[in-house]
Structure formats: structure tokens, C-alpha cells
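I have placed the structure first, in the form of C-alpha cells, so that the comments after it can refer back to it.
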Amino acid sequence: MNSGEQVSINRVARRDDVKSPERKSPNPGGSKGGPAHREKIKERIRELEGEGMEHVAGGDKPEERVDTPGGEKGYRRPDITMDDNGTPYRENVGRQTKSRGPIFRERRAQNDIEQATGQCAFTAYNDCD
């Protein structure tokens, strides 16, 4: 066996070496989420506006950046930020588990925001029935 064969045998394919025409993006909606996620955000904003809150960030507006010192990430972006008579109200929208709580990723984000601001609500967009 010559050295050229040895290299080809031991070479490990890298992810960018593998071309797959049917490969899809894990989240075609990007950071704004998929259609069900975006629709639930719009729905929640309408509901919160109906309760007298003012929509200030998230949804069709840029998301608020919340610095989360000591959190799992340095900052988080709540899906919805409202003004409730001078008090910020923040809410994330995401998937829930069968026990109806936020999935792990959503729980970590919610905890970071709560630790930094004192409040972050959660609304699920998926059904578990």
C-alpha cells in the first residue's frame, strides 16, 4: 500500500464534503422560528394589546436584547416585550413537553431572562394531546 492509499483510507469526511441536494435547513424561518411559532407570537401580541398593554418589541418589531449576566448565555431575546403601564412584560413562545412545561431549551432561556429581569412568561405553540 502506498502512502496515497493510506491517506484516502484514513481520511474522515467532513460535513462540508458531503453534498446532499435534499438537505434542508433545520429552521427555514431562521431566528424568528417557523410559521406556527410566528403565528402564536402574533396571536399573543393581539391578546396582550387587548389587555391594555403596548407592544414594544418582538413579533414584527426587532426583539429586545436582555443582558443575562451569570446566565447560560450572555444575553437573550424574548419573543415578545410589552409595556404594561410602565412595567416591562416579557414572554417567550415555544414548544412544550407532554407534561405541558417548556422544553429544556425554552426553560433555560426563560430562567436566564427571569434572573436578569425578574419576569418572563411562557406560552406554548404546540399541542400535546
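The values are calculated or read from the model by the stated rules, or taken from the named source; none is laboratory data. Everything numeric in this text was worked out from a predicted model, so none of it was measured. Positions of Cβ are generated from backbone atoms using ideal geometry, with glycine treated the same way; all protein chains shown enter the neighbour counts.
Worth a mention:
- Residue within region 23-33 that is modelled with pLDDT under 85, assigned to a loop (DSSP other than H, G, I, E, B) and among the charged types (D, E, K, R) present: yes
- Residue list for region 73-87, filter: over 13 Å from the mean Cα position of the chain (by Cα), closer than 19 Å to PRO62 by Cα and not in a strand (DSSP E or B): GLY74
- Hits in region 91-104 (condition: crowded, with 18+ Cβ neighbours inside 10 Å and either without any contact (Cβ under 8 Å) to a residue 24 or more places away in the chain or charged (D, E, K, R) (or both)): GLU91, PRO102
- A residue that is under 14 Å from the mean Cα position of the chain (by Cα), assigned to a loop (DSSP other than H, G, I, E, B) and either modelled with pLDDT of 95 or more or surrounded by 13 or more Cβ atoms within 10 Å (Cβ to Cβ) (or both) cannot be found anywhere in region 36-49.
- Flag for ARG76 being in contact with a Cys (Cβ under 7 Å, 6 or more places away or on another chain) and not hydroxyl-bearing (Ser, Thr, Tyr): no
- Output for region 91-104, where each listed residue is of a type outside the set (A, V, I, L, M) and not in a loop (DSSP other than H, G, I, E, B): GLU91, ASN92, GLY94, GLN96, PRO102, PHE104
Residues are listed down the side, and each one gets a yes or a no for (1) loosely packed, with under 13 Cβ neighbours inside 10 Å; (2) in a loop (DSSP other than H, G, I, E, B); (3) at positive phi; (4) modelled with pLDDT under 95:
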| residue | (1), (2), (3), (4) |
| --- | --- |
| VAL56 | no, no, no, no |
| LYS61 | yes, yes, no, no |
| TYR89 | no, no, no, no |
| GLU106 | no, no, no, yes |
| GLN115 | no, no, no, no |
| THR123 | no, no, no, yes |
